[in-house]
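Undergrad: The following block contains the structure, expressed as structure tokens.
The values are calculated or read from the model by the stated rules, or taken from the named source; none is laboratory data. Source: prediction; values computed, not measured. As a convention, Cβ positions derive from the backbone with ideal geometry for all residues, glycine included, and neighbour counts pool all protein chains shown.
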Amino acid sequence: MTLVSHSIESAARDVAEALVPHRTEIGERVWNHIVAARPNVMSRAHTALRLANAACQASSAALLQALANSATLEDIVPTTEVILATRALVQNGFSEDEVMSGYRVGTAYWCENWANAVEEYCPDPQLSVRVASYGTSFALGWLEMVVGQVVADYREEAERMSREGSVARAAYVRRVLTDSDLDVATASKDLRYDLTGRHVAFVLSRHHDSRDAAPLDPIARALAIGLTPSAPLIVRVDLDTTLCWVPTDEIHAVHVPHAPVLIGQGRPARGLDGFRRSHREASEAVRVAHLARRPAGTVTRFDDAELVALCSNDAAFCDAFVRDKLGPLAEDTDEAHGLRTTLETYFASNCNFRATAVRLGVHHNTVRYRLERIGALLGRPPEQNRLHLELALHLAGGLGLFTEVGTAAVSEY
């Protein structure tokens with residue numbers, strides 16, 4: 001290695017080390033650039049996009065780390081995030097050209113960011129041009145290496161999905177869910193499922209903390225068998241999502257305590273409109289379960305999540321609403337928890353002191369004291385703003401916005 005090449009490598013290492021603390025921000029900028037260059041991408045499956053974003057972040061960070069450590073291209077292998085994202089993109093109908101285009105657009109933009117950083121962290125104008133070129137060449141070499149592996153993974157997964165017929169089946173069901181001119185009799189025959197009957201829809205979504213990559217279909221089958229002997233319709237959307245319709249309107253309690261999934265359950269409904277409506281409800285229920293970070297194996301019924309689902313499409317706005325309306329009652333303290341419980345019980349008891357006291361197992365004067373304390377904290381009697389307060393309390397409970405502190409706190413306040 002000549003002195004000049006050593007200087008370039010050393011300067012590149014210095015630039016990369018300066019950027020490593022900002023790797024998350026850089027990765028996010030690269031991802032946003034890819035999305036901006038491909039605006040139709042955001043209409044695609046959420047799971048695939050989440051994994052693709054993670055792959056973008058991991059790849060950007062891996063490039064910086066490799067340059068900071070003066071690694072060679074042979075030292076870098078595609079990350080787990082890249083492999084998982086590739087599979088998810090295949091499963092959600094992204095073409096090979098779309099996937100490869102995303103990598104090329106992202107790498108080109110990463111190189112622009114690198115060149116800008118070199119100008120900032122390498123003030124020597126004669127050296128900076130070569131350092132910029134060095135990092136760009138390294139990134140393009142990485143792209144060639146990783147694209148080869150991604151293409152191989154893509155085609156392997158596409159062949160597997162083709163053998164199983166999952167892509168075609170999932171696409172067919174998507175059409176059933178959206179096509180206004182659908183021939184219901186033909187679709188029922190093709191799916192071997194009566195779309196004119198009664199349905200209860202379920203959406204199974206892999207739990208956010210699960211490392212298990214096993215298919216979710218067996219869980220859906222076990223769930224359906226527990227409800228009716230009639231054959232369900234089960235559709236694997238991707239590795240993390242399976243849809244299920246059970247032909248019944250008799251719904252018993254559903255339990256999957258050890259399964260690595262969250263399950264949303266729609267309401268029983270009839271015909272094609274009911275097939276679609278129950279699925280929308282199940283999708284909303286499982287979305288709420290993810291927002292609330294409920295434990296694996298939880299089944300969330302739309303009946304129990306309807307109001308939260310309606311109000312939580314903008315999670316940040318929902319959280320701000322709850323904290324604005326509850327004020328000091330939104331704090332994660334024993335007192336606030338106890339006062340929230342008292343207020344919920346008071347509203348549920350139609351604002352009756354004695355009925356509230358009976359439900360809580362305390363003296364009615366204790367309830368009066370607590371409500372006076374609530375009024376003092378809110379700056380007005382709670383009855384004056386009951387609708388907003390009840391909604392805020394319901395949303396807080398449904399989304400798990402506050403830490404549980406146990407029942408001891410309730411008897412103290």
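Undergrad: How many residues, within the stretch 294-322, are of a type in the set (D, E, K, R), within 24 Å of His252 (Cα to Cα) and under 16 Å from the mean Cα position of the chain (by Cα)? It would help to see each step written out before you state the result.
TA: Within the stretch 294-322, the subset of a type in the set (D, E, K, R) is 294, 301, 303-304, 306, 314, 319.
Filter once more, so that each one left must be within 24 Å of His252 (Cα to Cα): 294, 301, 303-304, 306.
Cutting the leftovers down to under 16 Å from the mean Cα position of the chain (by Cα) gives us 294.
Number of matching residues: 1.
Undergrad: Now for a separate question. Taking Arg221 as the residue in question, decide whether it is surrounded by fewer than 18 Cβ atoms within 10 Å (Cβ to Cβ) and outside any loop (DSSP other than H, G, I, E, B).
TA: Values: surrounded by fewer than 18 Cβ atoms within 10 Å (Cβ to Cβ): yes; outside any loop (DSSP other than H, G, I, E, B): yes.
Yes: the conditions hold for Arg221.
Undergrad: Would you say Ala168 is closer than 20 Å to Arg29 by Cβ, in a helix (DSSP H, G or I) and among the small types (Gly, Ala, Ser)? Steps first, answer last, please.
TA: Values: closer than 20 Å to Arg29 by Cβ: no; in a helix (DSSP H, G or I): yes; among the small types (Gly, Ala, Ser): yes.
For Ala168, the condition - closer than 20 Å to Arg29 by Cβ, in a helix (DSSP H, G or I) and among the small types (Gly, Ala, Ser) - is not met.
Undergrad: Can I ask one more? For the stretch 91-129: of the residues being in a loop (DSSP other than H, G, I, E, B) and on the phi < 0 side of the Ramachandran plot, which is nearest to the chain's Cα centre (by Cα)?
TA: At the first step, the residues of the stretch 91-129 found to be in a loop (DSSP other than H, G, I, E, B) are 92-95, 122-124.
Filter once more, keeping what is on the phi < 0 side of the Ramachandran plot: 92, 94-95, 122-124.
Numbers: Asn92: 16, Phe94: 19, Ser95: 23, Cys122: 40, Pro123: 43, Asp124: 45 Å.
Filtering first and then ranking leaves Asn92.
Undergrad: Considering only residues that are outside any strand (DSSP E or B), of a type outside the set (Val, Ile, Thr) and surrounded by fewer than 23 Cβ atoms within 10 Å (Cβ to Cβ), which ones fall in the stretch 196-218?
TA: Selection gives Gly197, His207, His208, Asp209, Ser210, Arg211, Asp212, Ala213, Ala214, Pro215, Asp217, Pro218.
Undergrad: From the set of residues in the stretch 344-374 that are of a type in the set (Gly, Ala, Ser) and either crowded, with 16+ Cβ neighbours inside 10 Å or modelled with pLDDT of 85 or more (or both), which is nearest to the chain's Cα centre (by Cα)?
TA: Ser349
Undergrad: A follow-up question, please. Go through the residues of the stretch 175-187 one by one and say whether even a single one is over 23 Å from the mean Cα position of the chain (by Cα), in a helix (DSSP H, G or I), surrounded by 18 or more Cβ atoms within 10 Å (Cβ to Cβ) and assigned by TED's automatic domain parsing to the domain that holds His290.
TA: Looking for residues that are over 23 Å from the mean Cα position of the chain (by Cα), in a helix (DSSP H, G or I), surrounded by 18 or more Cβ atoms within 10 Å (Cβ to Cβ) and assigned by TED's automatic domain parsing to the domain that holds His290, one finds at least one in the stretch 175-187, hence yes.
Undergrad: Would you be able to say whether some residue in the stretch 376-385 is touching a Phe, Trp or Tyr at 6+ places or on another chain (Cβ under 6 Å), modelled with pLDDT under 85 and either not acidic (Asp, Glu) or not assigned by TED's automatic domain parsing to the domain that holds Phe321 (or both)? Step through it out loud before you land on a result.
TA: Going residue by residue through the stretch 376-385, those that are touching a Phe, Trp or Tyr at 6+ places or on another chain (Cβ under 6 Å) are none.
For the stretch 376-385, residues touching a Phe, Trp or Tyr at 6+ places or on another chain (Cβ under 6 Å), modelled with pLDDT under 85 and either not acidic (Asp, Glu) or not assigned by TED's automatic domain parsing to the domain that holds Phe321 (or both): absent.
Here's the yes/no breakdown for (1) exposed (fewer than 14 other Cβ atoms within 10 Å of the Cβ); (2) of a type in the set (Val, Ile, Thr); (3) outside the structural domain of Ser210 (by TED's automatic domain parsing):
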| residue | (1), (2), (3) |
| --- | --- |
| Ala71 | no, no, yes |
| Asp75 | yes, no, yes |
| Thr80 | yes, yes, yes |
| Leu84 | no, no, yes |
| Val90 | no, yes, yes |
| Asn113 | no, no, yes |
| Gln126 | yes, no, yes |
| Arg130 | no, no, yes |
